[in-house]
Amino acid sequence: MEPKTSIAEVRVIMLDYAALTGLSPQGKTPRRYLWTDAFALCNLLELFRQTNDEGWRDLALQLVDQVHHILGRHRMDDPRSGWISGLGEDEGELHPTRGGLRIGKRLNERRPGEPPDERLEWDQDGQYFHYLTKWMHALNRVSRVIGDAVYAGWAMELAQSVYPAFTSATSRGGPKRMYWKMSIDLTRSLVPSMGQHDPLDGYVTYSELQASAGLLGLSPRFGLTLEIADMAAICRGREWATDDPLGIGGLLWDAWRIAQLSERGVFRNTLLLECVVDAALAGLEAFAGGDLLKYPAPYRLAFRELGLSIGLKGVGPLRDWSEKNPELIARESHLRRKIEALTGYLWLAGEIESFWLEGSNREAGTWREHREINMVMLATSLAPDGFLSI
């Protein structure tokens, strides 16, 4: 699809998304969901960047405001009220991310003492670390695109405030571990297991925020040095490979972010990048060798596939980076060959996009059931630079 055609499609999708979720025109009860809104925010910023239409910038800032005033506050069906941070109204307005942000699930969180129900937990509210990092990145992109450091400051406050809650020391004094899901007020773990890529996602995102803080002139109080060192330790020696398309897409996005940060001197060698590329290659080989893309739409989850497509859109820039910066990978020339090997899977992105751009496939129940996240991630795949850039 030609770039002008792609941006026209993205425009239609994002206007539809804004109307569906009560963003514009504003509904009485807007529906906000943190993962989807993070991708949506990057899409709106990219529309502004490509069209220079200030309406998209204004819509992006309106989305930030809605997310913070809905997901940064207690639910309507919760006996608690106000900012989930516990700050007063005026202080909360100045620091809307200090207590974290709710996921935005349909049901309220599991009550203290209530036994967990694995099936029900997926529909219950709380906080996810990997959703929070997506929003940190999106807020940072706001500052980078419009030049107002306050949004990056909110991203840094979010990073600082949630990290202690999502990590805990191990009994044997080794690296810390992370919780998958925390309660709305961050006082108790709801799912104590650790997400496979949460430490990597956190390490790269926090490094991105730290690098941007200096560029944007933020106060030294926004430093994340200790958190970054902790997550680097958690990441050491871990296995990242997965055959889940969304997980592979996340690895590819992280690989491109690591490369961009390496160019800024944040990562001083390519060891982490090579580990991530190795894991992505293993996942791509497994995924491409399967039959998933041969299935009809009712047996496929668009947002997971589109996560892979989005990640693959970073492979071309990653290859260009490796060719333009030979001094950064001179001692690991095999890394360049591995990056080149990633390009052998670029056809997957085109196949995934074409399938979900077909109107009949978007009539399937699996598309309609997850309509908002599907449409936003399709838009990101069509115009990926807003999300992929740091």
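Since every read-out is calculated from the coordinates, none of them should be taken as a lab result. Note that the coordinates shown come from a computational prediction; the quantities given were computed from them, not determined experimentally. FYI the Cβ positions are ideal-geometry reconstructions off the backbone, even for glycines, and counts take in every protein chain you see.
Looking at the chain alone, DSSP beta bridges between its own residues are antiparallel in about 90 percent of cases.
Among 226-237, 242-253, the peptide with the highest mean count of other Cβ atoms within 10 Å heads the list, and the full ranking is 242-253, 226-237. Overall, the anisotropy analysis places the stretch 24-66 in the oblate class: the square-rooted eigenvalues a ≥ b ≥ c of its C-alpha gyration tensor yield a/c not less than 1.5, with a/b not exceeding b/c. The stretch 266-312 and the stretch 106-142 have Cα centres separated by 24 Å. Past 28 Å, Cα to Cα: identify those pairs from Lys105/Lys134; Lys176/Lys324; Lys28/Lys134, in the order given. Those over the limit are Lys176/Lys324. Taking the Cα centre of the chain as reference, the dipole from Cβ charges on Lys and Arg (+1) and Asp and Glu (-1) amounts to some 520 debye. The fewest-to-most ranking of Val162, Val67, Val145 by surrounding Cβ atoms within 10 Å reads Val145, Val162, Val67.
Sites listed here are GluC sites (Glu not before Pro) in the stretch 267-376 whose DSSP assignment is loop and whose Cβ has at most 14 other Cβ atoms within 10 Å: Glu358. Classification of the stretch 242-390 by its C-alpha gyration tensor yields a prolate form. The axis ratio a/c (a ≥ b ≥ c) is 1.5 or more, and a/b outweighs b/c. Each Lys or Arg adds one and each Asp or Glu takes one away; over the other residues whose Cβ falls under 11 Å from the Cβ of Val162, this sums to -1. Going by Cα centres, the stretch 185-243 and the stretch 25-67 are how many Å apart? Going from one Cα centre to the other spans 25 Å. For the chain, what class follows from the C-alpha gyration tensor (a ≥ b ≥ c being the square roots of its eigenvalues): rounded when a/c is under 1.5, otherwise prolate if a/b is larger than b/c, else oblate? Because its axes are fairly even, with a/c under 1.5, the chain counts as rounded.
Helical runs (DSSP H, four residues minimum) scored at -39500 (n - 2.57) apiece and divided by the length of the chain put the mean residue ellipticity at 222 nm at -18500 deg cm²/dmol. Net charge of the neighbourhood of Leu120, taken over other residues with C-beta under 14 Å away and scored Lys/Arg +1, Asp/Glu -1, is -1. Computed from backbone phi with θ = phi - 60° and the Karplus coefficients 6.51, -1.76 and 1.60, the 3J(HN,Hα) list for the stretch 39-56 is 5, 4, 4, 5, 5, 5, 5, 5, 4, 4, 5, 7, 9, 6, 8, 5, x, 5 Hz; x is used for glycine and proline.
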